[in-house]
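The next block holds one structure in the form of structure tokens; read it before the comments.
The values are calculated or read from the model by the stated rules, or taken from the named source; none is laboratory data. Keep in mind the model is a prediction, meaning the values are calculated, not measured. A quick note on method: Cβ atoms are made from the backbone with ideal geometry, for glycine too, and the neighbour counts reach across all protein chains shown.
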Amino acid sequence: MYPFIETIRIEDGKIYNLPYHNERMNRTRSEVLGVMDCNLDLSDYIHPEAYGERTKCRVEYLKDIVKVEYFTYYVRPVRSLQLVVCDDADYRYKSTDRHLLNDLYAQRMGRDDVLIVRNGLLTDTSICNVALWNGESWLTPARPLLQGTKRASLLDSGMITSKDITAKELREYSSIRLFNALIDFGEIEMDMTSVVI
């Protein structure tokens, strides 16, 4: 079995979104590994004090924590997306096994990333959740490949709303934002003409 991962932002000596990472990790340990009575707290394993710049903390785990690593993080520019279809796409548990996502990313046809469609519905890019602007509000696909921690916090705060969005409806939206645990909401935004269908 491949280890599972949490990818966590550290900046200015602070861990971002920790409760959401703890919840997802412990839910995965329960649902996949059968651990019912022993929740872990990532703050016992992560030492953020030495990191001032935006840092990616990568935690691998199975029933227990396997490895904790730290890397300086730079946001990769994304200015174009290629729509790709994969009805079998399943990445509901964040894992070190990314072969499916890497295979889909390879289909980007010169674009910066892919926007994955499953059963006619938008999901995610290869590394980010997305939200689309309809002129009034930001809507995120209701059935993403991965329930991202940043997505969960944005939903809880009311900044985004979830909705099934079909690939056919793409042109009804004017902008798209990409975000994840390390990329702020609004840090990567494109108009919908940047999405190649």
Any idea how many residues of region 125-162 are part of a strand (DSSP E or B) and buried (at least 17 other Cβ atoms within 10 Å of the Cβ)?
8
Pairs where the first residue, in region 134-159, is more than 22 Å from Thr7 (Cβ to Cβ) and at pLDDT 95 or above and the second is among the basic types (Lys, Arg) and part of a strand (DSSP E or B), C-beta under 7 Å, 6+ apart:
Trp138/Arg177; Leu139/Lys163; Ala142/Lys163
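With the structure loaded, tell me whether Phe179 is within 20 Å of Ser95 (Cα to Cα) and aromatic (Phe, Trp, Tyr) or whether it fails that test.
Criteria met by Phe179.
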Looking only at region 2-51, count how many residues are farther than 15 Å from Leu146 by Cβ and either β-branched (Val, Ile, Thr) or part of a helix (DSSP H, G or I) (or both).
13
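When you go through Ile176, Ile188, Ile183 one by one, which is the residue that is of a type outside the set (Gly, Ala, Ser), touching a helix residue (DSSP H, G or I) at 6+ places or on another chain (Cβ under 7 Å), touching a residue at least 60 places away in the same chain (Cβ under 8 Å) and closer than 29 Å to Glu11 by Cβ?
After applying the criteria, what remains is Ile176.
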Can you find, within region 24-40, the residue that is nearest to Val75 (Cα to Cα) among those that are free of Cβ contacts under 8 Å to residues at least 60 places away in the same chain, surrounded by 13 or more Cβ atoms within 10 Å (Cβ to Cβ) and of a type outside the set (Val, Ile, Thr)?
Met25
Between a residue in region 64-90 that is touching a residue at least 40 places away in the same chain (Cβ under 8 Å) and any residue that is hydroxyl-bearing (Ser, Thr, Tyr), which pairs come within a Cβ distance under 7 Å, given they are 6 or more apart or on different chains?
Tyr70/Tyr51; Tyr70/Thr55; Tyr73/Thr55; Arg79/Ser194; Ser80/Ser194; Leu81/Thr125; Leu81/Ser194; Ala89/Thr123
Among the residues of region 23-57, write down those that are under 18 Å from Tyr91 (Cα atoms) and not hydrophobic (A, V, I, L, M, F, W, C).
Glu23, Arg24, Asn26, Arg27, Thr28, Arg29, Ser30, Glu31
Residue list for region 163-197, restricted to those being assigned to a strand (DSSP E or B) and either basic (Lys, Arg) or in contact with a Phe, Trp or Tyr (Cβ under 6 Å, 6 or more places away or on another chain) (or both)
Lys163, Ser175, Arg177, Phe179
